[in-house]
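Read the structure below first, then the notes.
The values are calculated or read from the model by the stated rules, or taken from the named source; none is laboratory data. From a predicted model like this one, the values you see are computed outputs, not experimental measurements. Cβ placement follows ideal geometry from the backbone for every residue including glycine, while neighbour counts extend to all protein chains displayed.
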Amino acid sequence: MLSGLVEPAHPGAVREVLEDVHELVRSLVGQGRVADYIPALAEVEPRRFGLAVATLDGEVTGVGDYRVPFSVQSLAKVFALAAVLGADGDQIWGRVGREPSTHPFNSLVQLEIDRGVPRNPFLNAGALVTTDRLLTLTGDAAGALRGFLRAESGNPALDSDPRVADSELAHGHRNASLAHLIASYGNLENPVPEVLDHYVRGCALSASCADLALAGLFLARGGVGADGTPVLSREATKRLNATMLVCGMYDGAGEFAYRVGLPAKSGVGGGIIAVVPNRCVLCVWSPALDVCGNSVAGVAALEHLTARTGWSVF
């Protein structure tokens, strides 16, 4: 077992910690249940596990299935929001809030209470509003999101899985209900079917832990992208990270902040990305989920990793 602080500038030392963490969570891998409400995701092997660290210079260290692509699902919401903030400034905050929710990520209850203004951009309702705005700004929200991830990850082959997209769209009655409810309050600019199509194709993007850790590095670099130019201002980056900290893990955000202490976003594909400002970005994947929709083994791995390294915003 390793103890003490480990600097991310030393890949060998980081790999030892990652291997140690993998061993610590091995018994948890497969505990929980995969996202079977999307039939294509129900077929994913629940005992897969990958963990990657990308440092500020673009060096990636990983263990397990960290180069195996998986369905990003709600991890896409971070990058879609970043694309909107980069193109449109703070305008989106007039249409979506920044407060955590105690309701499930696909609940209609809070949206009805708040009269069509989603509580935060990382709930499904909030991401529909973000997708709608990105569609207005670009004419192709799914394509813009894919291009963003390709550029920041350095992986030109990164793409949506049409089988996952078709499965999700065919069974997305609750998302359709959310979109129609938002539209009924005048908070969508584009037709509901178009917004749903682009939203689902964004969620159906397939990427590995290595891809996603690299793609998220602008959040650890104060907004600076892979090519050295700003993706976001430092202020907007701070605000996006803060929103991830309080809202990124659905109705398990408080528990995650207590256990891990990092801005993070989860997806029902089993992935979690977490940001260590000015150091690195972490991405873990293990498909079996807890009742909040967060990876059981993934949360535990990040808890052990931050305990071993001292990487935390606190």
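Quick notes on this one:
- Of the criteria (1) touching a Pro at 6+ places or on another chain (Cβ under 6 Å); (2) crowded, with 19+ Cβ neighbours inside 10 Å, which one Gly30 fails: (2)
- Unique match (being in a loop (DSSP other than H, G, I, E, B) and more than 23 Å from Val281 (Cβ to Cβ)) among Gly116, Gly89, Gly58: Gly116
- Some residue of the stretch 243-255 being part of a loop (DSSP other than H, G, I, E, B) and not β-branched (Val, Ile, Thr): yes
- Among the candidates Arg67, Arg95, the residue that is at pLDDT 95 or above, within 18 Å of the chain's Cα centre (by Cα), surrounded by fewer than 23 Cβ atoms within 10 Å (Cβ to Cβ) and among the basic types (Lys, Arg) is uniquely Arg67.
- Residues in the stretch 270-289 that are closer than 27 Å to Lys238 by Cβ and either among the charged types (D, E, K, R) or part of a loop (DSSP other than H, G, I, E, B) (or both): Pro277, Asn278, Arg279.
- Any hit, the stretch 213-228, residues being in contact with a Lys or Arg (Cβ under 8 Å, 6 or more places away or on another chain) and under 20 Å from Leu123 (Cα atoms): no
- Being assigned to a helix (DSSP H, G or I) and under 19 Å from the mean Cα position of the chain (by Cα) holds for only one residue in Val78, Val53, and it is Val78.
- Matching residues, the stretch 132-158, being in contact (Cβ under 8 Å) with a residue 12 or more places away in the chain and outside any helix (DSSP H, G or I): Asp140, Gly154, Asn155, Leu158
- Checking each residue of the stretch 36-48 against the condition of being over 30 Å from His173 (Cβ atoms), in contact (Cβ under 8 Å) with a residue 12 or more places away in the chain and crowded, with 22+ Cβ neighbours inside 10 Å gives no match.
Every residue, every condition in (1) within 19 Å of the chain's Cα centre (by Cα); (2) among the small types (Gly, Ala, Ser); (3) closer than 23 Å to Arg98 by Cα; (4) surrounded by 24 or more Cβ atoms within 10 Å (Cβ to Cβ), yes or no:
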site	(1), (2), (3), (4)
Ile113	no, no, yes, no
Thr130	yes, no, yes, yes
Arg150	yes, no, no, no
Pro156	no, no, no, no
Arg174	no, no, yes, no
Pro191	no, no, no, no
Tyr199	yes, no, yes, yes
Ser208	yes, yes, no, yes
Gly222	yes, yes, yes, no
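- Test for Gly293: is it of a type outside the set (Asp, Glu) and either surrounded by fewer than 24 Cβ atoms within 10 Å (Cβ to Cβ) or not in a helix (DSSP H, G or I) (or both): yes
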